[in-house]
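A.B. asks: Got a structure for you, questions after.
The values are calculated or read from the model by the stated rules, or taken from the named source; none is laboratory data. Just so it is clear, the structure is predicted and the values come from calculations on it, not from any experiment. As a convention, Cβ positions derive from the backbone with ideal geometry for all residues, glycine included, and neighbour counts pool all protein chains shown. Calculation scope for accessible area: heavy atoms of the full protein, side chains included, ligands and nucleic acids excluded. Shrake-Rupley method; radii C 1.70, N 1.55, O 1.52, S 1.80 Å.
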Amino acid sequence: MQAAVPLPLSALDESFHPVLPSTVSDAAYRDDGLCVVGIFGKSNMQPGPLKESLINTLADKHIFSLFGGPQDGGTADSHIQAFYNQENRVLYLVLSSVCDSRQLLQACQSLSAGTGHSDSHDFWKGLDRQHCLHLLYMFSVCHVLLLVHPNQTFDVTYDRLFRALDALRQKVLPLIRAAIKDCPVSKEWKVNCRPCPPRLLFVFQMNGTLKVSANGSESGGNPDKPKKHSPRRRLQHALEDQIYRIFRKSRVLTNQSSNCLFTVPANQAFVYVIPTADEDPVGALLGQLRSNCILCDQDSTTSVSGPRRYQQMRRSARQSSCSGDSGSMSMGAQLVDCSLKEFLWQHVELVLTKKGFDDSVGRNPQPSHFELPTYSKWVQVASRLHQVLISNTDEEIAELASKVQSQLKVLEGFLDADTKFSENRCQKALPLAHSAYQSNLPHNYTTTVHKNQLAQALRVYSQHARGVAFQRYALQLHEDCYKFWSNGHQLCEERSLTDQHCVHKFHLLPQPGEKPDMDRNPPILNHNSRGRSTSSCNCGRKQAPREDPFDIQAANYDFYQMLEEKCCGKLERIEFPVFQPSTPDPAPACNQAQRLPSEASGSGEAERLKEPSTAQSHTPGDTSLSLALSLGQSTDSLGPYADGDGTDTQVQQKRPSLVDRQPSTVEYLPGMMHSGCPKGLLPKFSSWSLVKLGPAKSYNCHTGLEQPGFLPGSSFLLPWDLVIRSRSEEDTGLTEPLDGGTSSWPAPNKTLVGKRGSTGGLGRSRRRDDMARAFVGFEYEDSRGRRFISSGPDKIVKVLGPGGAKDPATRVLNTDMPLYIPSPSQGRGLKPHYAQLARLFIVVPDAPLEVTLNPQVQPGPPPCPVFHPEQTDLVLPPDGLWVLRFPYSYAADRGTCYPPKENQPLNNYKVLRGILRATTANPPPQ
């Protein structure tokens, strides 16, 4: 009989034939009963696989190659190989899984270096589930099972594995019954889903650490007293007792064998220990050679040659070496140790003789069912079970296979102990993390506070949580904290124009004509930061408290319009041009920084650039949400122009002048006018105001401005002396600038040429030069309504006696004046108070002068744009006390320019020089 190559069991179907000797040409074996022996277990890093070498030994053929295998292009998945020995009517099934060293190495190689801890854990547990399904299959189709272990110590993890398999088998038993209900087997097989309760045998391999003496006198203290059993047999008995006690304690083995996953014999040996190999390879080879020579001498009379002689020599050498290693007849009174084939055959003969296994114990043992199937019947059942449990390729039973896969969660509690531990540990850490998140929390808080508390909670969680479930429960902690925050604890994220948060919880803004409603969810409210300040009206003669504004119209227009009705509504003023709509539904200009000027107008743009309607509802979905959009506003409160991405180049682009084109009447500028705006667009309201308090004589330089809120002695305007040349002196020109330059201003403390008196008088001279005095005052106002005039970037006007302010206005007109300066009356807190430039007072004398107003404000560090009124280079009419009111807040299309923080330099917030210049007016015609 020649050796044959095994085939994988996955090829079992109606046309499959297990590997047979090549000399068999008929199909008589199909009607013979066969015993199915399954072999599974673990292997170590030894040169040859233990399970395959056992098959070679039992069949006395070189069937399975001991070298090569899955690492040669194979995978780490579990698979079963089959070999049928027709001579003995035994079908061997060999399970290879990740428990084998070669496939374990293949699995390690398949894992990439960047695989995370959780992913690698899922990979290994997937291989374990495959192993369990293949084991369940073998326990369902085999009569005898051999558990092979590479050392002589029982692995107690098999106890947990068998309990898991038993639980899984009970779950999938109805599904297996449905799969084999049409197979031509007995009723007992269909009910129990197996030919008989399989008998489990254990094969251990003795390693080199266990040493015994040759004469068996290692114990008892009496070397002359012979032992009844050899040390290897005594080890087998000890292992049998240990295994039986463990399985009985864990209820894997019970009295009734038909209810168990497997059985062990009560009066037969079920543990076999393979003796250790000789550690002297040279001595072993010499002994083999000696035995061959003895065989040649004994058989010299009968001359045998060829393969027959080699097989005879090999069998004789194996028998002699086996008897020598097993220690049979080593002592006179010792029992003879059996070989591995003899150990297995005492169980196989019970199957082949149809006696079956009677392994039930107790007072009333119940006989278990038994059936010896033919090859054809067994193949049908095995093929159906393989489709349901392992391959899942048959469409007819695909539903049963999917149900089997859904029952695999039964294995998790038994096999995945590290995941169970990790989940229990993480579940205990979650309440601690929740407490850390909710500690010292206000009732409503912002996204920043939420993220800080969440980071603290994750820090506490990471100190206690362990294992593969760490990431999953960390995500759950993130979701729980977010739900807690968004369920009535979320603070409104909108910031006022003074960089203060709204104190209300998350809410919606009321639509036009809609009243606030606190009972809605979310409520409908206006923003409120509980910040109040005191401000003066456009002319400065009346002060009133104001709420902290949240939009630019309320800050720069609505408050002053409300005070105009009570104070300065009837004053003469210069109106700045604003947007005049020609359609009932004008739209704001979109992307004005990128659009060409020619695109600013046109009726076709009106429909495309409709203003989007404000949000009616909001469902929080991310902790980093932009609440400016959710609150129904388009204001971007991201700080004062944090990143400069090409703003300067946009400002320097050459555009058509405003004089060359008419402003648009269909779309308006959504923000304020600044240097980066396209030409031809106007805002719906002006953030600036220019009013006339009265004639020039209404200001008394000895008493100063008689308005409320000024600090004592700080309400005096600075004198601005302007030289008017005589008309006869044509060489100097009539349009010489009089804005404080070197050509029109004398040196400090020096008299003018041709003057007799001091610098304050209008002295006479032969050149007949005339003087005109104007007055200028930069007024600052803090949040408490305290006002003062500044005589320089770092100086406040302080007049204690009569005569008015002595400092000339030259200094304030020729330098960049700060937009914010520290208030002279600081509060008790540590936070500094700033006073903001609020108004510019200009007294224009009744003289042939043209005083031109051109305010330019840069309310932040570059690339912040320069803000200016809707009309620049305004010529102020003579004989008047004019008041230019600056905007309360500055905002453009890119966001709000917030007031400076306490750690920010104030020199970045400034009013550019050149705000006023004076020239001699052309004389009237004679």
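A.B. asks: Could you please put R160, R194 in sequence from largest to smallest accessible area, using a 1.4 Å probe?
C.D. replies: R160, R194
A.B. asks: Of Y898, Y557, which has the most accessible area and how do the rest follow, probe 1.4 Å?
C.D. replies: Greatest to least solvent exposure: Y557, Y898.
A.B. asks: Could you sort E87, E779 by their accessible area in this structure, using a 1.4 Å probe and putting the largest first?
C.D. replies: E87, E779
A.B. asks: Turning to a different aspect of this structure: Are any of the pairs K171/K409; K190/K409; K451/K483; K679/K910; K515/K566; K171/K403 more than 18 Å apart by Cα-Cα distance, and if so, which?
C.D. replies: Result: K190/K409; K679/K910; K515/K566 exceed 18 Å.
A.B. asks: Given the peptides 860-868, 479-487, arrange them by the average over their residues of other C-beta atoms within 10 Å, most packed first.
C.D. replies: Packing proxy ranking, top to bottom: 860-868, 479-487.
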